[in-house]
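A short write-up of the structure that comes next.
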Amino acid sequence: MDFHPAGSRPTRKAPAEYFTGNVLQDPLIMAPAPARLNASRVSFAPGARTAWHTHPLGQTLYVVSGIGRIQAKGGLVREIRPGDVIFIPPGEKHWHGASPDNEMTHIAMQEALDGVYSNWMEHVTDEEYATPVG
């Protein structure tokens with residue numbers, strides 16, 4: 001058994017190479033092999049967001065608080081709210097983050113394939129982010 005008391009893993013600022021704006025990450029689950037699960041609580045300030053990315057085995061998001069946005073490449077920008085659960089299929093290019101005027105916090109859960117949880121790509125442009133919610 002590996003026990004991590006609350007507060008034993010410090011909050012960290014998300015790396016600017018993968019995120020735009022003020023984003024904080026709290027590691028929740030980093031299961032050792034052969035398990036593959038990784039989960040984090042991610043808090044986005046208004047206007048903050050991920051870069052475009054994919055996950056080799058998909059990703060599940062559970063929105064905890066605030067109002068956010070999510071988009072699959074070529075799809076509509078959708079608003080997300082507390083209690084929403086979103087599954088992003090393996091390999092689907094997407095981004096997610098806060099709305100322009102509200103923070104948003106979600107739990108992000110994904111599994112690794114050969115040690116890879118995410119494949120990061122280009123940043124979401126201001127024009128892409130400003131697309132109206134559809």
Largest-first ranking of 76, 61 by accessible area, probe 1.4 Å, whole protein assembly kept, is 76, 61
Checked the stretch 1-43 with the C-alpha gyration tensor, a ≥ b ≥ c its square-rooted eigenvalues, rounded below a/c of 1.5, otherwise prolate if a/b is larger than b/c and oblate if not; verdict oblate
Relative to the compact-globule estimate 2.2 N^0.38 Å (N residues), the Cα gyration radius of the chain stands at a ratio of 1.02
Yeah, the stretch 69-114 with a ≥ b ≥ c from its alpha-carbon gyration tensor (a/c under 1.5 is rounded, else prolate when a/b outruns b/c, oblate otherwise) is oblate
Summing -39500 (n - 2.57) over every DSSP H run of at least 4 residues in the chain and dividing by its residue count gives a helix-only mean residue ellipticity at 222 nm, to the nearest 500 deg cm²/dmol, of -500 deg cm²/dmol
With every protein chain kept in place and a 1.4 Å probe, the chain has an accessible area per residue in Å² of 54
GNM of the chain, Cα pairs under 10 angstrom: of 115, 97, 68, the biggest fluctuation goes to 115
For the stretch 15-126, the dipole about the Cα centre with charges only on Cβ (Lys and Arg +1, Asp and Glu -1), to the nearest 20 debye, works out at 160
The answer for the net charge of residues other than residue 31 whose Cβ lies under 11 angstrom from its Cβ, with Lys and Arg +1 and Asp and Glu -1, is -1
Residue by residue through the stretch 89-105, the couplings from Karplus 6.51 cos²θ - 1.76 cosθ + 1.60 with θ = phi - 60°, in Hz, x for Gly and Pro, are x, x, x, 6, 6, 7, 9, 8, x, 7, 6, x, 10, 9, 6, 8, 10
The Rg/Rh figure for the stretch 30-93, Cα atoms and Kirkwood Rh, to two decimals is 0.97
Going residue by residue through the stretch 108-123, the Karplus relation 6.51 cos²θ - 1.76 cosθ + 1.60 with θ = phi - 60° gives ³J(HN,Hα) values, rounded to whole Hz and with x marking Gly or Pro, of 9, 10, 8, 10, 8, 10, 6, x, 9, 9, 9, 10, 8, 10, 5, 5
The alpha-carbon center of the stretch 66-81 and that of the stretch 1-24 are separated, in whole Å, by 23
In whole percent, the fraction of accessible protein surface over the chain that belongs to carbon or sulfur atoms, probe radius 1.4 Å, stands at 58
Sparse-neighbourhood loop hits (chymotrypsin sites (Phe, Trp or Tyr not before Pro), the stretch 1-103; DSSP loop; Cβ within 10 Å at most 13 others) -> 3
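The values are calculated or read from the model by the stated rules, or taken from the named source; none is laboratory data. Worth saying up front: this structure is predicted, and the values here are computed from it rather than measured. We place every Cβ from the backbone using ideal geometry, glycine too, and count neighbours over all the protein chains shown. Quick note on the areas: whole protein, heavy atoms, side chains included, nothing else; ligands and nucleic acids left out. Shrake-Rupley method; radii C 1.70, N 1.55, O 1.52, S 1.80 Å.
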